Structures are given as C-alpha cells and as structure tokens.
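Written below as structure tokens is the structure these notes are about.
The values are calculated or read from the model by the stated rules, or taken from the named source; none is laboratory data. These figures come from a predicted structure and were not determined experimentally. Here the Cβ positions follow ideal geometry from the backbone for every residue, glycine too, while neighbour counts run over all protein chains shown. For the accessible areas, the whole protein counts, side chains as well, though only heavy atoms, and no ligand, DNA or RNA atoms are used. Shrake-Rupley method; radii C 1.70, N 1.55, O 1.52, S 1.80 Å.
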Amino acid sequence: MKLLHTADWHLGRTFYEYDRCREHIHFLTNLKKHIKELDVDVLLIAGDIFDSPNPSADSQKMYYTFLREVTAENSSLQIVIIAGNHDSAARLEAPNPLLEGMNITVRGVVKRTNDDDIDYSHLLIPLFAQGETGKIAAWCMAVPYLRQGDYPQADTYSSYSLGVGKMYKCLYEHLSAYLATIGTDKRSPIIAMGHLQATGSEISADDRSERTIIGGLEAISPDSFSPEITYTALGHLHRAQRVSGRENVRYAGSPFPMSFAEVNNKQGFTLIEIGNKQDIKIAHIEMEPLVKLLSIPHHPSSPSSLPEVFDAIQQLPDGEINANSPYLEIKVKITEPEPSLRFHIEEALKGKSVRLARIVAAVPKNEHELKTAVYEELQTINPMDMATDIFRHRFGGEEMPDEMKKLLQTVIQELAV
Ligand SMILES: [Mn+2]
C-alpha cells in the first residue's frame, strides 16, 4: 500500500506583494504527476490547505480543480484531508457531501455524541488499497488542528499539550476496542494524522504563522503517538523532518519556501510504502520550486555594507523580469539614516532578472550588535514572550504565575490563525 503525505500548502498566500498562484499550480501539477506515476493508494493532506480561513475564489477553484482532476485520473485514489490552524474547520468540511462521492474525506470539526462525549468514531477513517475492493487495508486517525474544548481534559488546568496527547490515546483505544468487537485478529496498519507542534522538532527561524501557537506549553510530546502506530503524518511545521529521531513520525513540510527563512529546507512530499508484513519504507521526494529565493548577502546572518550590496547586485543575472524571476531579499548594514536606500537599490537592480521582495536595513547599535528595526521582525516576536517580558518589567522582575500563563496561552491559541 502506498501513501503520499503532504501538508502546509497555504493556497492563496502572497509573498510580499507577489501572487504565488503559478507556484501553487506548478506544485499541484507535479503532485498529480507523482500520484499517477507512483500509483498511490491514499493521499494524506495534513492541514493548512489554505492560507486564510476565508480563502479567495481563485484559491478555492485551484483546490477543487486539483481534487477533481486527481480523482478523475486515478479512479481508486482515496484522499484524507484534515484542517490546520489556518483553515476554517467548518468551511473546509462544508463540501463533504460532494467530496465523499469522490472518495475524499475531510475532517475539521470534532463532533460530539448525544451524551456529549467526543465522537471518536467520526475521526476514524478506513483506508482501502487498490484492487482489493471492500477490504479495509488500514485505519486512519484523522485528527484536525484542535482548539480548546476539542480534546479530552487531562488535568485540572485542562492543559493543551496533555489534552491533545490524551486525544490520540483515547482515539487509539477506541479503534482497538472496535477492531476487537469485529473480531479482527490480524492487526491492520494504523496511520495517525495531526496538525500540531511536536516537541523535538525544529521550526523555521522567523516564521510567524508557525510561532503564533508555539510558546512551550502547547508543544505536544511525540510519546502521544503510540509505537503501535505505523506512521504519523504531521502538518504545521514547514520543514520536512522526523520528530525526536522517530523515522515514522514526520512532518512532510511545505511544498515550496513560504519565507526566506525556509530557503534551505528540502521541500516536497513524503512517500510511505507499507508491505504485507507491515514493513514500512519511507522516502522524502524533493521538488524543485518554480521560483527561486535569492538573498544578499548569501549567508543570512551578517548584513552586507552598502558597497558590498551594489557589488552583489552586479553579479545577478541580466534579463527581463517575468513570473519565474527569483525573489530577492537584501540585508544591508547602514550606519546612518538612508532615506533614498530603496530608490538606489531599485536603480541598481534595473536590467536584472530578479523581483525585489524586501530590504532589511540593519543599524549597528554598537560594534558587536546589529539592531534590525523592521515591522516584519516585530511580528516574529512570540506573544507569550512579549507578555512575560512586560510582566517582569512591571512587577519588579517577578515571573508571570503559571496559571496566568496557561490562561493567556488559551487566548493566544484561540486567536492563532
Ligand atoms: Mn499550521
């Protein structure tokens, strides 16, 4: 059985003022090609399909065109999609009556049973392999991004990380109990899905969308995923990676760089092959992005002086600017205000086949420290860090009490999109 794991498409995302629609179409075309060539049984999309809970008509059209075409081309392909923190859970699920007819299952909302318990069975999706009609080949625990109240209470504070951990545990127990009642003696492979931040994973240096829900308290222990689970398909972090050294607990990563911080990630998707004896082969398939991201200086940690920037601009390829021209960021060290900096850089870039995305001007505070003062950088500050800093200043170095942190975290969690 072959499964393809992808996540964090962020359809509709813009990059500075540039539209990335062509890059998304390029990715989806490639994905379709691979699904057909590899003869994939199940496609898993682990959240953040759209960049916004209220996606544009164009983004929605791109998504539905992909679903329509990929299922038409591969008649027995099954697709399981979970909502991420950027998606609207209810909106993503709304077309389910149509999608179910195309062998596509979307899970965004955690439903309740009549006696107000979590409806675990709704999140358990049977998976089928091609050519074995009617025979369940594996089970998928399709857990969307969880908001407060979606998960069982695990302690008196109703902590997020413990609650999410308990969610997977209960779901696994629910599935095991069900398999026992139907008398399955041979265990089927189990695939878990999730959109969360797992401890022991690396985040991109300045990705605001990832960081808004990262504050330490809500990172999920990878122990939440039982060793009995054949593969855990995660979304949310944009870097493809294993979690805590576990081969079979992975982030697929985003399909192309969403920020300059992600430029060295290996973007693509992950192929999982499960053999008859539940032996598993995992391979990350890298994909060349349609549009490259360039940085001056090439090494991002130290900004260049203005003459160095002009030198580097000279080295850029000449040519017309088109929709495939690379995006460029320039990090420049300045010692005094340079009101015409942008103008001079734009002049120097004339005739170069690049699209200027951003200029970061760094002013040295003293010899050893560079202070960067751009709006984007302010956005990268974790709200929890900001609040605890202010608390410390205002109350004479006193730390914010844990209970207050947890309450604040709940609010940040609710607002995180
Ligand atoms: Mn996310």
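Structure above, values below:
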{"quantity": "Members of the range 266-281 found to be open to solvent by 10 Å² or more (accessible area, probe 1.4 Å) and either farther than 13 Å from residue 44 by Cβ or of a type in the set (Gly, Ala, Ser) (or both), listed by number", "calculated": "266, 267, 273, 275, 276, 277, 278, 279, 280, 281"}
{"quantity": "Selection from the range 106-122 of residues that are of a type in the set (D, E, K, R), part of a loop (DSSP other than H, G, I, E, B) and farther than 13 Å from residue 142 by Cα", "calculated": "115, 116, 117"}
{"quantity": "Residues (surrounded by fewer than 18 Cβ atoms within 10 Å (Cβ to Cβ) and among the polar types (S, T, N, Q)) located in the range 296-324", "calculated": "301, 302, 305, 314, 315, 322, 324"}
{"quantity": "Residue within the range 22-32 that is among the charged types (D, E, K, R) and closer than 23 Å to residue 237 by Cβ present", "calculated": "yes"}
{"quantity": "Residues of the range 1-19 classified as without any contact (Cβ under 8 Å) to a residue 60 or more places away in the chain, open to solvent by 40 Å² or more (accessible area, probe 1.4 Å) and outside any loop (DSSP other than H, G, I, E, B), total", "calculated": "2"}
{"quantity": "Tally, over the range 225-256, of residues that are in contact (Cβ under 8 Å) with a residue 40 or more places away in the chain and either in a loop (DSSP other than H, G, I, E, B) or open to solvent by 20 Å² or more (accessible area, probe 1.4 Å) (or both)", "calculated": "18"}
{"quantity": "Members of the range 34-61 found to be part of a loop (DSSP other than H, G, I, E, B) and either open to solvent by 10 Å² or more (accessible area, probe 1.4 Å) or away from the ligand (no atom under 16 Å from the Cβ) (or both), listed by number", "calculated": "39, 40, 41, 51, 52, 53, 54, 55, 56"}
{"quantity": "Selection from the range 62-88 of residues that are open to solvent by 20 Å² or more (accessible area, probe 1.4 Å) and aliphatic (A, V, I, L, M)", "calculated": "62, 72"}
{"quantity": "Sole exception among (1) closer than 24 Å to residue 410 by Cβ; (2) away from the ligand (no atom under 16 Å from the Cβ); (3) within 21 Å of the chain's Cα centre (by Cα) for residue 140, by number", "calculated": "(1)"}
{"quantity": "Residue tally, condition at pLDDT 95 or above and more than 22 Å from residue 142 (Cβ to Cβ), over the range 4-23", "calculated": "0"}
{"quantity": "Candidates 135, 111 - the one that is open to solvent by 50 Å² or more (accessible area, probe 1.4 Å), away from the ligand (no atom under 16 Å from the Cβ) and touching an Asp or Glu at 6+ places or on another chain (Cβ under 8 Å)", "calculated": "111"}
{"quantity": "In the range 145-165, residue farthest from the chain's Cα centre (by Cα) [restricted to those that are free of Cβ contacts under 8 Å to residues at least 60 places away in the same chain and closer than 24 Å to residue 81 by Cβ]", "calculated": "152"}
{"quantity": "Residue identified as open to solvent by 30 Å² or more (accessible area, probe 1.4 Å), in a loop (DSSP other than H, G, I, E, B) and modelled with pLDDT under 85 among 398, 377, 414", "calculated": "398"}
{"quantity": "Number of the condition not met by residue 237 [criteria: (1) within 16 Å of the ligand (Cβ to nearest atom); (2) under 23 Å from residue 41 (Cβ atoms)]", "calculated": "(2)"}
{"quantity": "Positions within the range 11-33 being touching a strand residue (DSSP E or B) at 6+ places or on another chain (Cβ under 7 Å) and within 16 Å of the ligand (Cβ to nearest atom), in sequence order", "calculated": "11, 12"}
{"quantity": "Scan of the range 82-105 for residues that are away from the ligand (no atom under 16 Å from the Cβ) and in a loop (DSSP other than H, G, I, E, B), ordered by number", "calculated": "94, 95, 103"}
{"quantity": "Inter-residue pairs, beta-carbon under 9 Å, first on the phi > 0 side of the Ramachandran plot and modelled with pLDDT of 70 or more and in the range 187-211, second within 12 Å of the ligand (Cβ to nearest atom) and in a helix (DSSP H, G or I), 6+ apart", "calculated": "none"}
